[in-house]
Amino acid sequence: MEEKYSSLEIVEESPNSGVFFLILNRPSRRNALSREFFSEFPKALHALDHNPEVKVIVLSGAGDHFCSGIDLSLLGSTAASSGSSGSGETLRREIMAMQDAVTALERCRKPVIASVHGACIGGGIDIVTACDIRMCSEEAFFSVKEVDLALAADLGTLQRLPLIVGFGNAMELALTGRTFSGKEAKELGLVSRVFLSKHDLHQAVRDVAQAIATKSPLAVVGTKTVLLKSRDLTVDQGLDYVATLNSARLLSPDLTEAVMAQKQKRKPVFSKL
Ligand SMILES: CC/C=C\C=C\CC(=O)SCCNC(=O)CCNC(=O)[C@H](O)C(C)(C)COP(=O)(O)OP(=O)(O)OC[C@H]1O[C@@H](n2cnc3c(N)ncnc32)[C@H](O)[C@@H]1OP(=O)(O)O
């Protein structure tokens, strides 16, 4: 993990834990998403995905907030520069590259847990809805803010949020842009757990990440892949996909190791990816 990023930081939780923090690291701008972010984020996720030491990724924000959305100066300059081309083609390409940066979260085979405190606004919601698990503190607040900037959210929120909170809730949140609390995010199902304090959140996220890191990496990666694939397929197609995947993976030594460890009442030792 040698590469240095200007908008991000990567920190290993503790040596050999398998848990790595990917931190949005621009606290002076409340972790607003800069041009650098959109090129660095997919590279960082690719590097984490391909590092066999990494089992689980925790995505968090430095400072008092998770993410204040797109950098408003980037939004201004993107609109101004692409307006001159006339066809909208340049802007379309830029939007698609930004979408790709967010979708890199799903493309990464390792699970990503979003740990949200403070603000999670606009582009922040695009990001968390592409994560695999979301948790927050009670003081966290969320807004699908794009409508207030005269925009339809275009980096994934309108596609993924309805699958998480239901169509009607997503429609209401996106059309009003209203701010909702960490507690409401839990009631809506946007986050699976909410904690009294940022400290409790961080402890719980660590515990969950460490629990996942003890499992067979092959099984964890397989589970994420199958769930995401199946989300976009019929049940029949999803069953077909998992049958094909497992017919190769059941041959892995991890299965024998898991069964032996259960019998011998010891912790299993799984192979790295
Ligand atoms: C092609 C389109 C693709 C994607 C589009 C995405 C759309 C969106 O993301 S919409 C959402 C846009 N974001 C916002 O509207 C949020 C704006 N920020 C805030 O509401 C607040 O800053 C806050 C996040 C609630 C935090 O409040 P607070 O802790 O009181 O900090 P501030 O004093 O407000 O901010 C400190 C400093 O940061 C600058 N800043 C904050 N957010 C952004 C941002 N999104 N972009 C650029 N800069 C931001 C703020 O201006 C302050 O700067 P100073 O120079 O210190 O004054």
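Scanning the range 134-151 for residues that are near the ligand (Cβ under 9 Å from one of its atoms) and of a type in the set (Asp, Glu), which turns out surrounded by the fewest Cβ atoms within 10 Å (Cβ to Cβ)?
Per the criteria, the residue is Asp148.
Count, please, the residues in the range 107-120 that happen to be buried (at least 24 other Cβ atoms within 10 Å of the Cβ) and either farther than 22 Å from Ala47 by Cα or near the ligand (Cβ under 10 Å from one of its atoms) (or both).
Counting residues in the range 107-120 that are buried (at least 24 other Cβ atoms within 10 Å of the Cβ) and either farther than 22 Å from Ala47 by Cα or near the ligand (Cβ under 10 Å from one of its atoms) (or both) gives 3.
Output the helices (runs of 4 or more DSSP H) that fall wholly within the range 185-267 and possess 2 or more residues being under 24 Å from the mean Cα position of the chain (by Cα), or say none.
In the range 185-267, 198-213, 217-231, 235-249 are the helices (runs of 4 or more DSSP H) which contain 2 or more residues that are under 24 Å from the mean Cα position of the chain (by Cα).
From the list Cys67, Cys131, which one is within 10 Å of the ligand (Cβ to nearest atom), at pLDDT 95 or above, buried (at least 19 other Cβ atoms within 10 Å of the Cβ) and closer than 23 Å to Ala152 by Cα? Steps first, answer last, please.
Numbers: Cys131 fails: within 10 Å of the ligand (Cβ to nearest atom).
Answer to the check: Cys67.
On the given criteria, is Ala101 assigned to a helix (DSSP H, G or I), small (Gly, Ala, Ser), more than 16 Å from the ligand (Cβ to nearest atom) and over 23 Å from Ser137 (Cα atoms)? Walk me through how you get there before you give the answer.
Numbers: assigned to a helix (DSSP H, G or I): yes; small (Gly, Ala, Ser): yes; more than 16 Å from the ligand (Cβ to nearest atom): no; over 23 Å from Ser137 (Cα atoms): yes.
Answer is no for this residue.
With respect to Ala170, is the statement that it is out of contact with any Cys (no Cβ under 6 Å at 6 or more places or on another chain) and within 15 Å of the ligand (Cβ to nearest atom) true? Let's see the steps before the verdict.
Values: out of contact with any Cys (no Cβ under 6 Å at 6 or more places or on another chain): yes; within 15 Å of the ligand (Cβ to nearest atom): no.
No, not satisfied.
Across the range 1-51, which residue is surrounded by the fewest Cβ atoms within 10 Å (Cβ to Cβ) among those that are assigned to a loop (DSSP other than H, G, I, E, B) and of a type in the set (A, V, I, L, M)?
This residue is Met1.
Can you say whether Arg160 is in contact (Cβ under 8 Å) with a residue 60 or more places away in the chain and closer than 30 Å to His50 by Cα, as far as the supplied structure shows? Walk me through it before giving the result.
On the way: in contact (Cβ under 8 Å) with a residue 60 or more places away in the chain: no; closer than 30 Å to His50 by Cα: yes.
No, not satisfied.
The values are calculated or read from the model by the stated rules, or taken from the named source; none is laboratory data. Please read all numbers here as calculations on a predicted model, not as lab measurements. Positions of Cβ are generated from backbone atoms using ideal geometry, with glycine treated the same way; all protein chains shown enter the neighbour counts.
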